[in-house]
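The values are calculated or read from the model by the stated rules, or taken from the named source; none is laboratory data. Given the structure is predicted, the values throughout are model-derived calculations rather than measurements. Here the Cβ is made from the backbone with ideal geometry for all residues, glycine too, and neighbour counts use every protein chain on show. Accessible surface areas use protein heavy atoms only, side chains included; no ligands, DNA or RNA. Shrake-Rupley method; radii C 1.70, N 1.55, O 1.52, S 1.80 Å.
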Amino acid sequence: LILIAVAIIVVGSRGLLTRKSRLVLYFPGSVNGLLVGSPVKYRGVTIGSVSSIRISLSNADSRASIPVTVEVDDSLIADTTGSPLDLSNPKQVSVMIDRGLRGSLEIESLLTAMLYVGLDTYSNAPPPVLVGPRGGPPEIPTVQTGLQKLAGSLPKVERILDRVESVAGEMEALLK
């Protein structure tokens with residue numbers, strides 16, 4: 001019984017021994033397909049998971065943003081000397097943001113339309129736009145992926161197609 005108890009404590013404490021940093025990303029559009037527990041990946045390497053997804057409503061202009069809180073395992077990210085980075089340190093995160101660190105929503109599976117939070121460093125990243133309140137976890141600015149831009153333009157394409165269909169119907173009526 002003592003060996004079983006020790007084994008349970010050792011296996012259960014593995015998550016307690018790893019140091020995790022909390023970060024937040026604000027997504028302006030839909031996060032449909034992103035779930036609590038979804039992976040957080042840096043260039044395809046899983047470094048953490050989504051710990052919460054909320055809705056933040058602005059009283060001033062009735063816009064909503066979606067803060068997504070993630071937990072990242074610090075031992076999986078190291079500097080050039082091999083020392084783990086402390087991502088709970090806002091100064092460290094600020095340096096990474098200045099170097100182009102951005103977050104985005106990426107497709108985990110086309111079949112299930114499940115998403116994950118992707119982190120990457122963009123050399124031509126636009127200036128960071130931070131939208132969250134100060135005092136919380138460090139914020140990573142977000143960028144839209146090509147798929148999100150396409151999804152955002154679909155309503156415009158749909159309106160154009162409706163107009164074309166309407167004009168075609170009028171032309172057909174005139175030709176009769």
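Worth a mention:
- Test for residue 72: is it on the phi < 0 side of the Ramachandran plot, touching a Lys or Arg at 6+ places or on another chain (Cβ under 7 Å) and either at pLDDT 90 or above or surrounded by 18 or more Cβ atoms within 10 Å (Cβ to Cβ) (or both): yes
- Qualifying residue in segment 153-168 (condition: modelled with pLDDT under 75 and acidic (Asp, Glu)): yes
- Candidates 112, 69: the one that is closer than 19 Å to residue 37 by Cα and over 15 Å from the mean Cα position of the chain (by Cα) is 112.
- Scanning segment 110-126 for residues that are farther than 11 Å from residue 99 by Cα and among the hydroxyl-bearing types (Ser, Thr, Tyr), we see that the one that is most open to solvent (accessible area, probe 1.4 Å) is 112.
- Residue 84 vs. criteria farther than 22 Å from residue 145 by Cα and either open to solvent by less than 50 Å² (accessible area, probe 1.4 Å) or touching a residue at least 12 places away in the same chain (Cβ under 8 Å) (or both): yes
- Selection of segment 108-123 for residues being farther than 17 Å from residue 70 by Cα and either without any contact (Cβ under 8 Å) to a residue 12 or more places away in the chain or β-branched (Val, Ile, Thr) (or both) yields 109, 110, 111, 112, 121.
- Elements of type strands (runs of 3 or more DSSP E) contained in segment 30-144, each with 3 or more residues being among the hydrophobic types (A, V, I, L, M, F, W, C): 45-53, 64-73, 101-109, 114-121
- Count of segment 87-102 residues which are basic (Lys, Arg) and open to solvent by 50 Å² or more (accessible area, probe 1.4 Å): 2
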